[in-house]
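Down below is the structure, laid out as structure tokens.
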Amino acid sequence: MRKKSTILQLMLCTLMLAAPGWKAEAAADNAGEYQFSYRVEPGWKQNILITSDIVTITNPQPDEIAGKGMYPIESYLQGRGTPAWDQAAITRFAFSKQGFLLQLYNLTMPLPPVYQEGYRPEEMEKAIARTEPNSPQWRELQAVKANKQLQARIQALIDAGYVKPEEIDDGWATRAFVARVLYRMFHEALPYQGSISILDTPDAAVRWAVEKGLPGFEPDAAGRVYASALLSSPAGPHDTVDGKTFQALYDTIRYLFPSKRTETGWAYYALSFRQPPACSDCALLVNGKAIEAFLHDHPGAAQDPRFQTGWQATKAKLAAALAAELPKLLAERREDLKKPLLRDWQRDVLLHPDFQPAIADYRRTRSDAALTAVYQAIRQHYRLTVRQDSPLVVKSVLENSPQR
């Protein structure tokens, strides 16, 4: 258990993807002199992370399939005798090429393990059972078993065409390595739209990863992605491992990619939301003030039962409002991965013939409705980054670009 806890601590992190916002305010709850309401800022969805903390997969692989294929990274490390306190060794494997491939195998089952000719897992288990626990021979057998289990799963990925034997060594999982494996696996389900121009690599797989907005593949301000560097965020030629970026990548694959392997091809996992997410762009209001400011001015209100009743009721309404939006958010993010990325406002929007009628209508009327129409048209066609995904950004582009 200590090993498992250690690994999970290493792998914890967050994910941020762009999504359109909404703004709402609840009807006030009249609780005497307390008027409760809530406010949700338009960009709230951009900061919501779809992780295992808030979602559950409702159509997992059957137990009989998962049981045969799943080989947790913790099991490998335990078999190799890696101490729980040896963070360097744990990190070295978890974010190596082979560690990445094992994690990816576990995410995208079922591929039956392909054991080396002559190796029989059941015979190995019998040999271990006959050996004195914790003896040198027992530890040696456990290490052999761990290596065989690892290689059997990597071989399954090789046979499926996702990774080439010559690509596998004891090195770190670089951006280029990660991109090529994922590209071979998913580019047919999520085709490359050709909307990316990276200055420092012609690699189509890396460009595909940038276009899909995969964590760790954000170009820097000069348009470089540093394909040979370690996977990390923000972009740059980093020489240190960023476990949060890896976990964000795994969450993206599991929850946003069609990563469930079936007999007919890739499918999406069905998700249910266990709880509304933490919302940093939401505010509870009392008499029009943020609740923190109100309590600062009226410290005794927190002890008033009427205050507590109204507060809890409004929190419940806010949670329900957010929960109702989460399935839409999931659908939007999955759909966004199929779209090209907006990289050049001039080329991709202002000179694009599909947007000319809406742009002309906005420039003629300067109305909010016309601006919304332009924004929605762009949003429907392109995947927008967090910085781009706002009607105010679109307005700024239109107002500050010369008319033709």
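Right, Phe177: among the aromatic types (Phe, Trp, Tyr) and at pLDDT below 95 or not? Taking the combined requirement at face value, the residue does not satisfy it. Screening Thr385 against (1) at pLDDT 95 or above; (2) among the hydroxyl-bearing types (Ser, Thr, Tyr); (3) assigned to a loop (DSSP other than H, G, I, E, B) leaves a single unmet condition, (1).
Scanning region 146-191 for residues that are over 28 Å from Val241 (Cα atoms) and more than 25 Å from the chain's Cα centre (by Cα) yields a single hit, Asp159.
Within region 339-364, residues that are within 12 Å of Val397 (Cβ to Cβ) sit with their Cβ atoms under 7 Å from residues that are of a type in the set (Phe, Trp, Tyr) and not in a loop (DSSP other than H, G, I, E, B), at 6+ positions apart or across chains, in these pairs: Val349/Phe355.
Of everything in region 232-257 that is of a type in the set (Asp, Glu) and part of a loop (DSSP other than H, G, I, E, B), the residue that is farthest from Val55 (Cα to Cα) is Asp239.
For region 54-69, the tally of residues that are among the charged types (D, E, K, R) and in contact (Cβ under 8 Å) with a residue 40 or more places away in the chain stands at 1. Identification of helices (runs of 4 or more DSSP H) wholly contained in region 70-112 with 2 or more residues that are without any contact (Cβ under 8 Å) to a residue 60 or more places away in the chain and within 22 Å of Tyr255 (Cβ to Cβ) yields 97-107.
Scanning for something part of a helix (DSSP H, G or I), among the charged types (D, E, K, R), buried (at least 16 other Cβ atoms within 10 Å of the Cβ) and in contact (Cβ under 8 Å) with a residue 60 or more places away in the chain, does region 320-328 turn up at least one residue? Yes, because at least one residue in region 320-328 is part of a helix (DSSP H, G or I), among the charged types (D, E, K, R), buried (at least 16 other Cβ atoms within 10 Å of the Cβ) and in contact (Cβ under 8 Å) with a residue 60 or more places away in the chain. Checked against the criterion of being touching a strand residue (DSSP E or B) at 6+ places or on another chain (Cβ under 8 Å) and buried (at least 20 other Cβ atoms within 10 Å of the Cβ), the candidates Tyr76, Tyr105, Tyr38 yield just one match: Tyr38. Residues that are in a helix (DSSP H, G or I), without any contact (Cβ under 8 Å) to a residue 12 or more places away in the chain and out of contact with any helix residue (DSSP H, G or I) (no Cβ under 9 Å at 6 or more places or on another chain) occur at least once in region 275-292. The residues of region 159-172 that are crowded, with 17+ Cβ neighbours inside 10 Å and closer than 21 Å to Val114 by Cβ, listed by number, are Tyr162, Val163, Ile168.
Scanning region 195-213 finds no residues that are closer than 27 Å to Asn147 by Cβ and modelled with pLDDT under 95. Within region 148-187, the set of residues being within 25 Å of Pro234 (Cα to Cα) and outside any helix (DSSP H, G or I) comprises Asp170, Gly171, Trp172, Ala173, Thr174, His187. Being among the hydroxyl-bearing types (Ser, Thr, Tyr), touching a residue at least 24 places away in the same chain (Cβ under 8 Å) and over 30 Å from His352 (Cα atoms): is that true of Tyr183 here? No: the conditions fail for Tyr183.
Can you say whether Ala313 is part of a helix (DSSP H, G or I), touching a strand residue (DSSP E or B) at 6+ places or on another chain (Cβ under 6 Å) and closer than 30 Å to Glu33 by Cα, as far as the supplied structure shows?
In short, yes.
Considering only residues that are farther than 26 Å from Val181 by Cα and in a loop (DSSP other than H, G, I, E, B), look in region 52-69 and name the one that is farthest from the chain's Cα centre (by Cα). Looking at residues that are farther than 26 Å from Val181 by Cα and in a loop (DSSP other than H, G, I, E, B), I get Thr58.
Tell me, yes or no, whether region 280-290 has at least one residue that is within 19 Å of the chain's Cα centre (by Cα) and either farther than 26 Å from Ala323 by Cβ or among the hydroxyl-bearing types (Ser, Thr, Tyr) (or both).
For region 280-290, residues within 19 Å of the chain's Cα centre (by Cα) and either farther than 26 Å from Ala323 by Cβ or among the hydroxyl-bearing types (Ser, Thr, Tyr) (or both): present.
The number of residues in region 229-270 that are free of Cβ contacts under 8 Å to residues at least 40 places away in the same chain and buried (at least 21 other Cβ atoms within 10 Å of the Cβ) comes to 1.
Residue-level check: of (1) surrounded by 15 or more Cβ atoms within 10 Å (Cβ to Cβ); (2) assigned to a loop (DSSP other than H, G, I, E, B); (3) not aromatic (Phe, Trp, Tyr), Ala301 misses just (2). Answer with yes or no whether Tyr226 is under 30 Å from Ala88 (Cβ atoms), assigned to a loop (DSSP other than H, G, I, E, B), aromatic (Phe, Trp, Tyr) and in contact (Cβ under 8 Å) with a residue 12 or more places away in the chain. Yes: the conditions hold for Tyr226.
The values are calculated or read from the model by the stated rules, or taken from the named source; none is laboratory data. Computed from a predicted structure; not experimentally measured. Note that each Cβ is placed from the backbone with ideal geometry, even for glycine, and that neighbours are counted across all protein chains shown.
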